[in-house]
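K.L.:
Shown below is the structure under consideration.
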Amino acid sequence: MSSSQAPYRGAVQAQGSDITKKGGYTRSWAEDKPITDEEGLSFLDKIKGECTKSQQAIREMPFKRARRFIKGASSLGGVLPEAQPKSFYYRENDKKYSSIRVDIEIHAGLTFIPVEQVE
């Protein structure tokens, strides 16, 4: 099965004009099993770790909101692509900072299920 056919696909990303790496910092998945809340939080931690101190600082609230979304999705048993969030912006209405964000993209499958559902 190709990664584009995997039943559980998505990505978490840190993006913005202050990140020179093409596509920003990304952790994507294409799995045969649902992604748990713990895995989602780990993905966020990994992309946060790729950010410089200043990139982390300016994304403090977007990372907090993304973590809150994952935990909230888990408390409801997971989230499907139809209910995925928009990007979590630093300052959405400020042109200087409008590109600075953390994204959660769910392309297919129930995502961020409680880890207890897998065990």
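The values are calculated or read from the model by the stated rules, or taken from the named source; none is laboratory data. Everything numeric here is computed off the predicted structure, so don't read it as measured data. So basically every Cβ, Gly included, is an ideal-geometry build from the backbone, and we count neighbours across all protein chains shown.
K.L.:
Would you say Gly49 is within 12 Å of Gly10 (Cα to Cα) and part of a helix (DSSP H, G or I)?
P.N.:
On the way: within 12 Å of Gly10 (Cα to Cα): no; part of a helix (DSSP H, G or I): yes.
Criteria not met by Gly49.
K.L.:
Ile104: touching a helix residue (DSSP H, G or I) at 6+ places or on another chain (Cβ under 7 Å), surrounded by 12 or more Cβ atoms within 10 Å (Cβ to Cβ) and more than 11 Å from Val12 (Cβ to Cβ), yes or no?
P.N.:
Working: touching a helix residue (DSSP H, G or I) at 6+ places or on another chain (Cβ under 7 Å): yes; surrounded by 12 or more Cβ atoms within 10 Å (Cβ to Cβ): yes; more than 11 Å from Val12 (Cβ to Cβ): no.
No; evaluated as a whole, the condition is false for this residue.
K.L.:
For the range 54-86, which residues satisfy the criterion of being within 11 Å of the chain's Cα centre (by Cα) and either acidic (Asp, Glu) or not in a helix (DSSP H, G or I) (or both)?
P.N.:
Gln84, Pro85, Lys86
K.L.:
Select from the range 42-53 the residues that are under 11 Å from the mean Cα position of the chain (by Cα) and not aliphatic (A, V, I, L, M) and list them in ascending order. Can you show your working first?
P.N.:
Narrowing the range 42-53 to residues under 11 Å from the mean Cα position of the chain (by Cα): 42-48.
Answer for the range 42-53, where residues must be under 11 Å from the mean Cα position of the chain (by Cα) and not aliphatic (A, V, I, L, M): Ser42, Phe43, Asp45, Lys46, Lys48.
K.L.:
List the pairs whose first member sits in the range 94-119 and is among the polar types (S, T, N, Q), whose second member is at pLDDT below 80, and whose Cβ atoms are under 8 Å apart, counting only residues at least 6 apart or on separate chains?
P.N.:
Note: pairs meeting the criteria are Ser98/Arg91; Ser98/Glu92.
K.L.:
From (1) in contact with a Leu (Cβ under 7 Å, 6 or more places away or on another chain); (2) crowded, with 19+ Cβ neighbours inside 10 Å, pick out the condition that doesn't hold for Leu110.
P.N.:
(2)
K.L.:
Right, here's the next one. Name the one entry in Asp94, Asp32 that is farther than 27 Å from Ala6 by Cα and among the acidic types (Asp, Glu). If you could, list the steps in order and put the result at the bottom.
P.N.:
Values: Asp32 fails: farther than 27 Å from Ala6 by Cα.
The conditions single out Asp94.
K.L.:
For the range 93-112, name all the residues that are within 24 Å of Gly49 (Cβ to Cβ) and not in a loop (DSSP other than H, G, I, E, B). First the steps, then the outcome.
P.N.:
Keep residues of the range 93-112 that are within 24 Å of Gly49 (Cβ to Cβ), which gives 97, 99-107, 111-112.
Result: Arg101, Val102, Asp103, Ile104, Glu105, Ile106, His107, Thr111, Phe112.
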